[in-house]
Amino acid sequence: TSITVHAMKHLLVAFFLTVAISSSRADLFINEIDYDNSGTDSNEWVEITGTAGQSLNGYELVMVNQLGTTYATFDLTPASFTFSDETGSGWGFFVIGIVYPGYSVTADFTPGTWTANEIQNGTNDSMQLRLTAGPVNVHFVDYDGNNLNTTDDQFTALTDSTTDLQTTLYLTGSGDGFSDFSFANTSGNGTPGAINNGQTLT
């Protein structure tokens, strides 16, 4: 009997952990990327959107090249960031990196190891948002094409146009999860720390 009870406890722990991870995946995703500028890159950043009350403690952002190799990992716990309702529909935004001064906003977090030319801008690169424990994938997205050395199918064939410093890859559409949206790269439409142009978060 004790063995059965012990096994049941482990099953319950696994069940609740799975539910918690699934909830995190639904509530957090990469929303906008600025990875390429005209000339020498100097203002690169990533925007993550999340539901109000969600903390980024225990999460990290990982950069992956087209070979499937990690070239940088950024622990988000030191940011001490919790999302607030910035849209009126329960969603907020977190920006990591270095934001072009022309936006008149600053990043929420710039890690000490983040360089001016941090994000690789070759074809078929990737970035991953994940829980540090495990680690457990939350959102893995390829950009500028499908990275064949990663197993994730969430990708965009669009590029971050280098025509100006305020052009990004950003999600448009309406919904409450990454799969509800599609990437766009209209010139000059970057919106770090705010809802994207043509986007409705429900």
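Annotations for the structure displayed:
- Around residue 67: net Lys/Arg minus Asp/Glu count, Cβ-Cβ under 13 Å: -2
- The length gained by stretching the chain between residue 115 and residue 151 to full extension, at 0.36 nm per residue less their Cα-Cα distance, is 10.2 nm.
- Expressed as a fraction of 2.2 N^0.38 Å, the C-alpha radius of gyration for the range 64-169 is 1.15.
- On Cα atoms only, tilt of 2-27 relative to the major axis of the chain in degrees: 20
- Rounded accessible area of residue 115 (nearest 10 Å², 1.4 Å probe): 70
- Its alpha carbons considered, the range 108-202 gives a radius of gyration followed by a Dmax of 14.2, 40 Å.
- Using only alpha carbons, the chain has a radius of gyration to Kirkwood radius ratio (Rg to Rh) of 1.01.
- FRET efficiency for the residue 104 to residue 179 pair, using the beta carbon distance and R₀ = 25 Å, is estimated at 0.20.
The values are calculated or read from the model by the stated rules, or taken from the named source; none is laboratory data. Note that this is a predicted model, so its numbers are computed, not measured. Counting neighbours? That spans all protein chains shown, and the Cβs are built from the backbone with ideal geometry, glycine included. Accessible surface areas use protein heavy atoms only, side chains included; no ligands, DNA or RNA. Shrake-Rupley method; radii C 1.70, N 1.55, O 1.52, S 1.80 Å.
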